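Please read the structure below before turning to the comments.
The values are calculated or read from the model by the stated rules, or taken from the named source; none is laboratory data. This is a predicted model, so every value here is computed, not measured. Please note: Cβ atoms are built from the backbone with ideal geometry, for glycine as well, and neighbour counts cover all protein chains shown. To get the accessible areas, we keep the full protein, side chains included, count just its heavy atoms, and leave off ligands, DNA and RNA. Shrake-Rupley method; radii C 1.70, N 1.55, O 1.52, S 1.80 Å.
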Amino acid sequence: MALTEEDVKSLKGLSEKTVADRLETDGYNELPSSKKRGMIAILFEAVKEPMFLLLVICGTIYFFIGETGDALMLLGFVCVMIVITVYQEGKTEHALEALRDLSSPRALVIREGMRKRIAGREVVRDDVVILSEGDRVPADGIVLWGRNLTVDESLLTGESVPVRKLPVSGEKENMEMSRPGGDDLPFVYSGTLVVQGQGVTTVKSTGIKTEIGKIGKALQVLEPEETLLQKETGRLVKIIFLIAITLFILIIVIYGLTRGNWLDGILSGITLAMATLPEEFPVVLTLFLALGARRLSRRQVLTRKMSAVETLGAATVLCTDKTGTITQNQMTIKKICSRCFFDGGSFESSIYDVKVNAHKPLPEEFHELIEFGILASKKDPFDPMDKALKQLGKDKLSATEHLHENWTLIQEYPLSREMLALSHVWQSQDRKKFIIAAKGAPEAMADLCHLSPGKQEKLSDQISLLTREGLRVLGVARAFIKAKDPLPEIQHDFNFKFLGLIGLEDPVRPMVPEAVRLCYEAGIKVVMITGDYPKTAQHIAGQIALKNTTEVITGQELGKMHPEYLQQRVRDVNIFARVVPEQKLSLVNAFKANGEIVAMTGDGVNDAPALKNAHIGVAMGERGTDVAREASALVLVNDDFSSIVEAVKMGRKIFDNLKKAMAYIVSVHIPIAGLSLIPVIFQWNSMVLLPVHIVFLELIIDPACSIAFEAEPEEPDSMKRKPRNPREPLFGKRTLFISVIQGLVSLLIVMLVFKISVLSGQTWNEARTICFTTLIISNLCLILTNRSWSKTVIQSVHVPNKALFFVLGGAVLFLGLVLFVPFLQNHFHFAPIHCLDILIAFAAGILSIVWFELVKWICAIKHVPLLKEKTLHGN
């Protein structure tokens, strides 16, 4: 025999100890992911990198020419670089893996008598799972109870038509699961989608033992897909790689033909190739996006698509739901309006302020209204409006005959797009009649009650009184039929009597007004979309300081608008009321047609097309369906509008820091490449930089660009700039020009130090030592000056960045070791360095960035941005 709703309420589920035992024996409810990389795979990829191969070749040549010490030194550095690479890649992989877990489908289970929402991977065998419309079924199971439960099993069967599910009627313990497909079966399968109704299931199989596990289909929740920036960087790396290979071959040929020393020519070519190769670009980009997504998760925003991280800073329009995103989704009943129509048809207004009279008994005339409002709600409600009605009944009707815990729910007529109302059919204890309670949008209730146009007009006046105060309004009605009479197919066929209106208050989240202000400062248009009345929407819009609250477009008007006219109207209108979810797609398309970058929030099944079509789809984590989450790029864990704004700020910070890191990489490679190329072109006696020096520099460059710059706080004006153009390249003309000038100035200073040292009578190794020290100091100064293109180094000193401290401290420490430890000094081909030489190197290194610091200072005085981003609309 199938369970009743009362039986479901008494289900206890598994204990936490049993759950732990099941996880130990069966493992997590997940399928093996072909995308996950282990340490061995990361290590194998690291040793295939061009830089690694060049170092191995270089070390091998040193062995052949008898320089065993240099060979061992190089190979030692190879090991260090591999460790750094594996650490960086591992950090990225861990960040992606954590996000896969966080963004996986959630499941609502009953454990130890309590409802608990958990990650789908934590569901175990014999768990009791509650399913609702829009949920992904987390594991194979048997339906214990259901109401209008319909499931889309096309993932397993290929059939697009959803199938009905009926509760199991016999013994379930030894029941074997049948294959998917077919109506009226009591089985549900992992990965399938609940498209209608509700159900309670007990889990029979998890993980690879499920039907989807047997056929080997893995649902990849999060994939590190290639973004626009990654494609741009990939193209740039290929171009520079071709240049490096060309120079490598030319240097070998020139060196060999002019000097007859082909082995030294190969070493010189390898040195130049190592100095030129921008192997940091793809590593930095991947790491920034992955760690950026991880940082967003700490701000209650989960990233499902990496492209969203780079697009966030470019958003120009934020389309947001009102309920639960702008407001707290914690409904309380503020006012009620009862006996709007007497049996004779006359009109009577009787509005009662529940909030003002909170400590007084509820007048008798309003009892029936609340009674039937509760009967039209869930017995164990999740919806905030149902909870508010239940609470008011508990507070005001407990000592009356208007609460009916012992009545039996016979049938439910669900809410639909055609009829924004629902009805519950109850049977009383005497079983002589059915009592029908209905609630929903007042227009729908007026339709259900067959009110005349005159009555509807008067009702509209009452609704306006409530909506002007920002209240959400529900209508309530009742009907009776004899128990022996058959129930109609649709709720519209009942003979309903209108009982009154309920006005519910949903307070605005405290942080929203400030978040809206930040959006306007950042050049972002905020649009509120709601199913509520225009007056309610305007009241809330006024509370959050939304612009242009006088103009509203309703869903009815929206449905009649030509796309081109809508495209014009959305430029000025910020409030859309009485909108159904399907109309959000029209709004997204209208904004996109105007060239806007659109972020759209949503939580329901019908929101999925709009979420998928928006540039940044944002699903709700608390009240959102799995379908909405799967269609989105981001998931708000706390459903809070201010979290979206924080995500935009983070997106801008990530892009800013990425540009700084890339600019630094370009500028720092120019002096290294120049010092490798100039001695060959001018046929100097020996190379200034050897492979071991290049490797040492890479040990500073890699952590600096991938860790120090990633940890930089956002610029003070990051949310005062207009949104950037998402197609703006990382290397705009001005960015590239400044980076190249930085590198050339550094090269010029370092070369002057070297030539002056040689001309002053110092040996080649002494000149190399001073030159290398200057290059390191210049490198560190480039890190400091590129921290901010709006603040000077002195102004940036107080900005906290622990990673930067470790990078600078480590670089100075290792520089000291190679300068003063005889063993290292010998293998770096250095000579002892004097205090005066160190002071000269420090002064020269600092001098290499003085010009840029002066430029920043002058720009700050004149209030001219050094780097003006190209905005979407060319502003």
For region 368-393, the count of residues that are in a loop (DSSP other than H, G, I, E, B), open to solvent by 30 Å² or more (accessible area, probe 1.4 Å), under 16 Å from residue 503 (Cα atoms) and in contact with a helix residue (DSSP H, G or I) (Cβ under 9 Å, 6 or more places away or on another chain) equals 0
Test residue 744 against the stated conditions and say whether it is surrounded by fewer than 21 Cβ atoms within 10 Å (Cβ to Cβ), modelled with pLDDT under 80 and among the aliphatic types (A, V, I, L, M). no
Given the conditions (1) under 20 Å from residue 386 (Cβ atoms); (2) surrounded by fewer than 22 Cβ atoms within 10 Å (Cβ to Cβ), every one holds for residue 472 apart from (2)
Please find, within region 609-620, the residue that is modelled with the lowest pLDDT out of those that are out of contact with any Pro (no Cβ under 9 Å at 6 or more places or on another chain) and buried (at least 24 other Cβ atoms within 10 Å of the Cβ). 620
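What tally of residues in region 137-157 results from selecting those that are buried (at least 22 other Cβ atoms within 10 Å of the Cβ) and touching a Lys or Arg at 6+ places or on another chain (Cβ under 9 Å)?
First, pick out the residues of region 137-157 that are buried (at least 22 other Cβ atoms within 10 Å of the Cβ): 137-141, 143, 146, 149, 151, 153.
In the following step, the residues that additionally are touching a Lys or Arg at 6+ places or on another chain (Cβ under 9 Å) were identified as 138-141, 143, 146, 149, 151.
Total satisfying the criteria: 8.
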Members of region 444-471 that are out of contact with any helix residue (DSSP H, G or I) (no Cβ under 6 Å at 6 or more places or on another chain) and among the basic types (Lys, Arg): 455, 458
Would you please name the residue that is nearest to the chain's Cα centre (by Cα), looking only at residues in region 427-439 that are surrounded by fewer than 22 Cβ atoms within 10 Å (Cβ to Cβ) and either closer than 16 Å to residue 336 by Cβ or without any contact (Cβ under 8 Å) to a residue 24 or more places away in the chain (or both)? 429
Residue among 573, 516, 579, 526 that is more than 30 Å from residue 390 (Cα to Cα), in a loop (DSSP other than H, G, I, E, B) and touching a strand residue (DSSP E or B) at 6+ places or on another chain (Cβ under 6 Å): 573
So, in region 759-768, of the ones that are under 17 Å from residue 676 (Cβ atoms) and hydrophobic (A, V, I, L, M, F, W, C), which residue ends up least open to solvent (accessible area, probe 1.4 Å)? 767
Could you list, ordered by first residue, the pairs with Cβ atoms under 6 Å in which the first is in region 189-201 and under 21 Å from residue 383 (Cα atoms) and the second is among the polar types (S, T, N, Q) and at pLDDT below 85, at least 6 apart or interchain? 196/148; 197/148
Conditions first: (1) out of contact with any Lys or Arg (no Cβ under 7 Å at 6 or more places or on another chain); (2) without any contact (Cβ under 8 Å) to a residue 24 or more places away in the chain. Residue 674 passes all but one, so which condition is the exception? (2)
When every residue in region 117-132 that is small (Gly, Ala, Ser) and part of a strand (DSSP E or B) is compared, the one modelled with the highest pLDDT is 132
Looking only at region 114-133, which residues are within 11 Å of residue 13 (Cβ to Cβ) and either open to solvent by 40 Å² or more (accessible area, probe 1.4 Å) or of a type in the set (Phe, Trp, Tyr) (or both)? 114, 115, 116, 126
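Does any residue of region 456-477 turn out to be among the small types (Gly, Ala, Ser) and touching a Leu at 6+ places or on another chain (Cβ under 9 Å)?
Quick first cut of region 456-477, residues among the small types (Gly, Ala, Ser) only: 460, 464, 470, 475, 477.
Keeping just the survivors that are touching a Leu at 6+ places or on another chain (Cβ under 9 Å) gives 475, 477.
Yes.
For residues that are open to solvent by less than 20 Å² (accessible area, probe 1.4 Å) and touching a Pro at 6+ places or on another chain (Cβ under 7 Å), scanning just region 523-551, find the one that is nearest to residue 597 (Cα to Cα).
The extreme case among them is 524.
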Identify, please: which residue in region 9-30 is of a type in the set (A, V, I, L, M, F, W, C) and not in a helix (DSSP H, G or I) and is, among those, farthest from the chain's Cα centre (by Cα)? 11
Collect the residues in region 706-739 that are open to solvent by 50 Å² or more (accessible area, probe 1.4 Å), farther than 25 Å from residue 295 by Cβ and touching a helix residue (DSSP H, G or I) at 6+ places or on another chain (Cβ under 9 Å), keeping them in residue-number order. 736
